[in-house]
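The values are calculated or read from the model by the stated rules, or taken from the named source; none is laboratory data. These numbers come from a predicted model, not from an experiment. Cβ sites come from the backbone with ideal geometry, for glycine too, and all protein chains shown count toward neighbours. The area values use the complete protein model at the heavy-atom level, side chains included, leaving out ligands, DNA and RNA. Shrake-Rupley method; radii C 1.70, N 1.55, O 1.52, S 1.80 Å.
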Amino acid sequence: MSEQRRAIWETYASSWKAETAEEKKAILVESLAPECVYTDPLHQARGWDELSAYMLDFHQQVPGGHFDTQWFVAHHDCSIARWNMVAGDGTVIGEGVSYGTYGDDGKLTAMTGFWDTGE
């Protein structure tokens, strides 16, 4: 089960690197429930469209930005992933942890990210 959760997580994580709204949406449909909720210290997005818009804004701030999973564990319908935030040139510009929950169909229903915001 953990391998299936990791595969879904990595599919979701790849959506942060996708460059267009269409590419992001195709990946999100594969890995997230339509009513998914994404939460981080700065923002909350509900559903594919809000999350995709947030990701596109992230790309405006960090061109080519994406997340590389460093460590992942899962059990039952939950997972924790430690990741690096990576700029388009490959420079690690941050690190954090995310907690995910999964629905009966195996897709993510919620993703909650944690990192030090400096506050």
Matching residues in the range 45-103 (in contact with a Phe, Trp or Tyr (Cβ under 7 Å, 6 or more places away or on another chain) and among the basic types (K, R)) number 1
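Given the structure, is E30 charged (D, E, K, R), modelled with pLDDT of 95 or more and either touching a Ser or Thr at 6+ places or on another chain (Cβ under 8 Å) or not in a strand (DSSP E or B) (or both)? Steps first, please.
Numbers: charged (D, E, K, R): yes; modelled with pLDDT of 95 or more: yes; either touching a Ser or Thr at 6+ places or on another chain (Cβ under 8 Å) or not in a strand (DSSP E or B) (or both): yes.
In short, yes.
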Of everything in the range 1-26 that's of a type in the set (D, E, K, R) and closer than 22 Å to V62 by Cα, which residue is least open to solvent (accessible area, probe 1.4 Å)? K24
If I filter the range 29-51 for residues that are of a type in the set (F, W, Y) and either loosely packed, with under 14 Cβ neighbours inside 10 Å or within 19 Å of R5 (Cβ to Cβ) (or both), do I get at least one hit? yes
Show the residue pairs that are 6+ apart or on different chains and have beta-carbon atoms under 7 Å apart, the first residue being within the range 88-104 and touching a residue at least 12 places away in the same chain (Cβ under 8 Å), the second being basic (K, R) and not in a loop (DSSP other than H, G, I, E, B). V97/R82; Y102/R5
Residues of the range 72-84 that turn out to be touching a residue at least 24 places away in the same chain (Cβ under 8 Å) and under 18 Å from T39 (Cβ atoms), as a count: 5
Contact list please: Cβ distance under 6 Å, first residue in the range 47-60 and under 14 Å from C36 (Cα atoms) and of a type outside the set (D, E), second residue assigned to a helix (DSSP H, G or I) and open to solvent by less than 20 Å² (accessible area, probe 1.4 Å), pairs at least six apart or on different chains. W48/L28; S52/K24
How many of the residues in the range 60-117 are part of a loop (DSSP other than H, G, I, E, B), out of contact with any Gly (no Cβ under 9 Å at 6 or more places or on another chain) and either open to solvent by 70 Å² or more (accessible area, probe 1.4 Å) or polar (S, T, N, Q) (or both)? 5
